[in-house]
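All remarks here apply to the structure that follows.
The values are calculated or read from the model by the stated rules, or taken from the named source; none is laboratory data. On a predicted model such as this, the values are computed, not experimentally measured, just so you know. Virtual Cβ from ideal backbone geometry, glycine too; neighbours counted across all protein chains shown.
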Amino acid sequence: MPSHAEILASNSLLNDTTTPLISVFVGATSGIGKLTLQALVATGASTRIYLIGRPSSLERTQPFIDALHALNPRATIIWAEGEYSLLSETRRICDDILTKEARIDLLFLTAGYAPMFTERAETEEGIEITQSLSYYSRMLFVMKLLPALKAKGEAPGRVISVLGGGLESASGIALDDIDLKKPGNFSGPGMQKQNLGLNSVALDKLAEENPDVVFVHAWPGWVDTGNVHRGVKEGTVWSMFVKWFLAPLIGLVAIRDEVAAQRYLFEATSGYFGGGGVEWKGKAGVNVKGEEGRNGLFLVNYKAGCTPNSKVMEALREKARDKVWEHTVRVLEPYS
Ligand SMILES: NC(=O)c1ccc[n+]([C@@H]2O[C@H](COP(=O)([O-])OP(=O)(O)OC[C@H]3O[C@@H](n4cnc5c(N)ncnc54)[C@H](OP(=O)(O)O)[C@@H]3O)[C@@H](O)[C@H]2O)c1
C-alpha cells in the first residue's frame, strides 16, 4: 500500500503531461469530488474540467468555480448543468460533452448518498433515487463516455466511482430483485449494499471488455462531508440520532479533508493503478484478477491501497455478473 508520503511525492510530480487534460466530475458540487477537483486544479497544470451539477447547486457552486480560476488561471472549469439523477438528463449531458471533446482522460463519479433512514423514493423515471445516483446514472456516464475514454491520449482513460469498493460479498447482491422493488425488500442498508455490489460487478465487466481503460471502485471510509445528513428525513427521530450522535462521531474519526483530497488525486493520476499517469516505481497496485502493473478494475480502500477481494469477485463473476449486466443494459437501453 502506498504511504501518504509516497502519495504526496507522486502528486508533486503532476505537470502538464501527467495531469488529466480533460476531466468530467459528477458529484463535485460537494464532498470528495469537490475536494479532489480542487486538489487537481491546485497542481497548477493546464487542465479542462467539466463540472456536472444540478441547477439548484449553481448559485452555491459559482464562488467555488471563481476561486478555482483564481487559484489556477491555466485551468478551465466548465459548468455543465443537468438533473443527472435522471437517465434522460445524463444522456443529454454526455451527448453535449461528446460534441466538444473527442478524448476524456478522467471520469470521476461521487454523486449519491446512503438512504439509511428514509423510505423508498423514486425518480420520475421510476428508479429509486439513490440507486439512480450511485449506480444507473454512473454506469450510463461510463458507457456513453467510453469512446472518448478509449481515444488515444497520454495515459489510459480512467474511471473512478467512489462508493464501497472492497466491501462487496459473494451473496451481497439480491439477484431476484436487483432494484429492490418488491414489497418489503427495500431498506437503507440493503440498498447501499446492493449499489456497491452492482458497481463492482458492472465495472468488472466493463474493465474486462475495455482493457485500455483503468477502472477504480473506491471506498472512502469516513470523510466528514455531511453526506450522512442526506439519507434522513428532517424532523424524525433518526434525524436527531444523526445530528446529535452519528455526525459528531464521524467528525471525530473522519479522515481529514486535505488527506482525502490527496488520496483521490493520487487515484486519479498515479501509475500505481495500471500504468499511465505519474510513473510508479515501487510495487504496483493489484487489480481484482490479482494482476499487478496491468489495467483492469481496482478496488481501493480509504488509504488508497488495493483490496482486490479476488475470491469474492470471482464468485460474483460466476454467479451474478450476467444477470446484473442483462438487467442493467435493459434499464439503460432507452437512454443509451
Ligand atoms: N463521505 C463518506 O464518508 C462516505 C462513506 C462511504 C460512502 N460514501 C459515498 O461516496 C460518495 C461520495 O460521498 P461524498 O461524501 O463526497 O458525498 P456528498 O458530498 O454528500 O455528495 C456528493 C454529490 O452527490 C450529489 N447529490 C446528492 N443528492 C443528490 C440528488 N438528489 N440529486 C442530484 N445530486 C445529488 C450532491 O449534489 P449537490 O451538491 O447538488 O447536493 C453532490 O455533488 C457518495 O455516494 C457516498 O454515499 C461516502
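Before moving on, here are some points about what is shown:
- Residue satisfying condition, being surrounded by fewer than 22 Cβ atoms within 10 Å (Cβ to Cβ), touching a strand residue (DSSP E or B) at 6+ places or on another chain (Cβ under 9 Å) and not hydroxyl-bearing (S, T, Y), within set N287, N295: N295
- Test: residue in region 50-59 that is more than 24 Å from N287 (Cβ to Cβ) and modelled with pLDDT under 95: no
- Within region 40-80, considering residues that are more than 16 Å from the ligand (Cβ to nearest atom), in a helix (DSSP H, G or I) and not hydrophobic (A, V, I, L, M, F, W, C), the one farthest from T17 (Cα to Cα): D66
- Residues in region 265-320 that are closer than 20 Å to T17 by Cα and among the acidic types (D, E): E267, E279.
- Segments classed as helices (runs of 4 or more DSSP H), wholly inside region 229-277, with at least 2 members that are closer than 29 Å to V288 by Cβ: 247-253, 257-269
- The one condition in (1) farther than 20 Å from L297 by Cβ; (2) out of contact with any Leu (no Cβ under 7 Å at 6 or more places or on another chain); (3) more than 13 Å from the ligand (Cβ to nearest atom); (4) in contact (Cβ under 8 Å) with a residue 40 or more places away in the chain that F186 fails to fulfil: (2)
- Test: S132 is within 16 Å of the ligand (Cβ to nearest atom) and under 20 Å from the mean Cα position of the chain (by Cα): yes
- Considering each residue of region 233-242 in turn, none proves to be modelled with pLDDT of 95 or more, hydroxyl-bearing (S, T, Y) and away from the ligand (no atom under 11 Å from the Cβ).
- Given (1) within 20 Å of the chain's Cα centre (by Cα); (2) farther than 18 Å from S3 by Cβ; (3) of a type outside the set (D, E, K, R), number of the condition P334 does not satisfy: (1)
- Residues being among the hydrophobic types (A, V, I, L, M, F, W, C), within 13 Å of the ligand (Cβ to nearest atom) and either assigned to a strand (DSSP E or B) or touching a strand residue (DSSP E or B) at 6+ places or on another chain (Cβ under 7 Å) (or both) - total across region 81-115: 4
Table: residues versus (1) touching a residue at least 40 places away in the same chain (Cβ under 8 Å); (2) among the acidic types (D, E); (3) farther than 14 Å from F215 by Cα.
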| position | (1), (2), (3) |
| --- | --- |
| D257 | yes, yes, yes |
| Y264 | yes, no, no |
| E267 | yes, yes, no |
| G277 | yes, no, no |
| K283 | no, no, yes |
| N287 | yes, no, no |
| L297 | yes, no, no |
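- Counting only residues that are more than 18 Å from Y84 (Cβ to Cβ) and either part of a helix (DSSP H, G or I) or within 14 Å of the ligand (Cβ to nearest atom) (or both), region 22-39 holds 3 of them.
- Condition check for R263 on (1) in contact with a Gly (Cβ under 6 Å, 6 or more places away or on another chain); (2) surrounded by 21 or more Cβ atoms within 10 Å (Cβ to Cβ); (3) of a type in the set (D, E, K, R): one failure, at (1).
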